[in-house]
């Protein structure tokens, strides 16, 4: 239900999370509907650290649909945005004709103003479009009081956005149908299922902007025979194994599969022609560090995964967080001045044993990592009750716009 | 026939070339016999620039087999060395029993002294073991006057050594037999077939020694499902296409296949667990430079390939060499002092158009490339007639040993 009315404008504000895949999505079989060539699985990160916030306002007074992203007005006619608006309005029409004729306060002809922002810098290299589209679709659904399969709508904004519609551990079924109706996200387990699981985002200094994922994955589909093999012969079994590892809270299997899947995704990028590189020398050092750390303890305590950029996302368990953060600080000594190195959930300090640092035996790389965001699995999208947090003012325009 | 006798010691000295694969060998199906999981194809480089030299001396006076590599005595009991000595002696026995009993000047019980060196630094990251084992086997065969299928013997020293037994364009048939008798090298075309083809070895500054290829490829076979797919489903077709491109001197197809195959090899390294990285940030910049250069001319004029290290080997045609070298110098400005940047075949100087450097539009990376070796396809192993070039002195010990 709409929660606030001011001068015949209705406002709803919601937040939605970032998700980090442990079985990666790379490649579409349908560009328009955003249907993937393989299923995928992700962990939803906690919104206390990373979230998108969206306010949608609806009024008979608005002359046109408009959108502002991170304070800047963007083109509302972008096809993927239009897909989401069209699909959500289709659900409204369907509900009215089916069971609730005439009961809505909102006319379908009313225009919307959308304002969205992230609480994390673009530099963090996190897939802001997933959180952003999940937030848009969820907010519109609350504004227009529609229910039903919303993940298929978010999917049409940005593929992995469908997974941000749920908290905890989420799989995106690739589906078989040409119309995409069965290409939906589903929660495997809620965030409460594995309370010890922790996530560290290691933000790496990057010199160049990498190839965008939309263009990149299309080139991979067109040119990489390894990608086709991965989608058909590797991912189905890996999805089953990953779900079992999560259900059993088996970190060793979860971590190993996560690392293997990240590496295989980047391998298919390299098999693309021309090849695509997302990992840089710092990323590779993080990979080396993780394997040496685990080898020292003779078990998988820490796992890395990389999306379409050089930043590492580390999965680990609560007892290992403080030591591993200290290890990162040791081998990537941070700048002493400037912003704080560790953000998010507090991390205890420990001193490292000489035995451990000797076993890792890597050269240090000062400033290789800019900062760490410490977080954990979290819930799905939420409505914000506090009306003072609306991003749009009483006039339906951004509060912070110039 | 042995060519020199001094004080009852017989000496033979030969040289053998380096080869650079354009369809890569990675993974064995038999570790002892060194049988590969896929066929491969390489270009033999000219020995005027890069070669191994080996002198073998044989005498009743020698008490044991001994070997010196690059001036340092090594363990003769190394299994692969023993394989080569055993197999070549088996050929000698076979020849004697078959058709030439008692005619040999050399007793099978005579011991050998082997001395081998490369004219290129280990830092060049070229597979010195291929040239080295090819040279050893060829030299032994000349000393002991044996003929026959020598590439299967060189293969048992180092897999890719079998391809260095021929000049020009050489394929290594993976073979089907368990005993490896059909896993042989064969010349596709001699070096004279494609006189315009040129090779540039771009020696990159590397901070660490990468994972050795023997250990690396075994881990890949054990853990990478993409490697298995590549060997079974990709390489057979690619071998056929590559041979056709060479026969037709079709550089565009040759270059594109070469780049795709290098990328796919490195993709399977990344799909290995733990992953193996041979390319570094400089390698990636070279890859980017080549694609931008080709894109500017709307044709494949230059192609890269990388083996188990960060150094780039560039294939191109004679008319493009001087410009491309200038492009490399522009984007990787060399040190002004110190050793010369360009070694090997002379390269003309040209000035670059602003249009070209603007089209490439990359940041420069001073000293990213240490030097370039300019060369071309060349012949197979050769006997050295000049006895003053023997690496072993009249006493059967290295001339240069301490």
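When both bridge partners sit in the protein assembly as shown, DSSP labels roughly 90% of those beta bridges antiparallel. Expressed as a rounded percentage, what relative contact order does chain A have, with Cα pairs under 8 Å and six or more residues apart? Once divided by the residue count of chain A, the mean separation gives 23 percent.
In angstrom, the C-alpha Rg and Dmax of the protein assembly as shown are 31.6, 114. For the residues A:280, A:311, A:118, a GNM of chain A with alpha-carbon springs under 10 Å puts the largest fluctuation on A:280. Per-residue shielding of B:287-298, expressed as the average number of other chain Cβ atoms within 10 Å of the residue Cβ, stands at 1. For chain B, modelled as a GNM whose springs connect Cα atoms under 10 angstrom apart, the maximal fluctuation among B:348, B:216, B:159 occurs at B:348.
Taking the number of Cβ atoms within 10 Å of each Cβ as an exposure proxy, the fewest-first ranking of A:111, B:248 is B:248, A:111.
Counting, for every residue in B:271-280, the Cβ atoms of other protein chains within 10 Å of its Cβ and taking the mean gives 6. Calculated from DSSP H runs of 4 or more alone, at -39500 (n - 2.57) each and per residue, what is the 222 nm mean residue ellipticity of chain B, nearest 500? Value at 222 nm, helices only: -10000 deg cm²/dmol.
Label-point distances for residue B:395 to the equivalent site in the other copies, using a point 7 angstrom along Cα→C-beta, read 9.9 nm when ranked shortest first. Here the relative contact order of segment B:203-359, from alpha carbon pairs under 8 Å that lie six or more residues apart, stands at 24 percent.
For segment B:241-339, the mean projected area of the C-alpha convex hull, equal to one quarter of the hull surface, is 7.8 nm². For segment A:13-99, a Kirkwood hydrodynamic radius built from all Cα pairs, placed in the Stokes-Einstein relation at 10 °C and 1.306 mPa s, yields a translational diffusion coefficient of 98 µm²/s. When the alpha carbon gyration tensor of chain B is reduced to an equivalent ellipsoid, the three semi-axes, largest first, read 38, 24, 19 Å.
Here is how far apart the residue B:177 label points are across copies: 5.9 nm, shortest first, using a point 7 Å from Cα toward Cβ.
Put in order of Cβ neighbour count within 10 Å, fewest first, the listed residues B:188, B:56, A:18 become B:188, B:56, A:18.
With neighbour counts taken as other beta-carbon atoms within 10 Å, the residues A:330, A:229 rank, fewest first, as A:330, A:229. Distances from residue A:322 to itself in the other copies, using label points 7 Å out along the Cα-Cβ axis, amount to 6.8 nm in increasing order.
Across all directions, the average projected area of the convex hull around the alpha carbons of segment B:194-277 is 6.7 nm². Among B:295, B:198, B:285, the largest mean-square fluctuation in a Gaussian network model of chain B (Cα springs under 10 Å) belongs to B:295.
So for segment A:197-375, what percent of the C-alpha to C-alpha distances run longer than 20 Å? For segment A:197-375, the fraction of Cα-Cα distances above 20 Å is 57 percent.
Bear in mind that the values in this text are calculations on the coordinates, not laboratory data. The structure displayed is predicted, hence computed values, not measured ones. Counting neighbours? That spans all protein chains shown, and the Cβs are built from the backbone with ideal geometry, glycine included.
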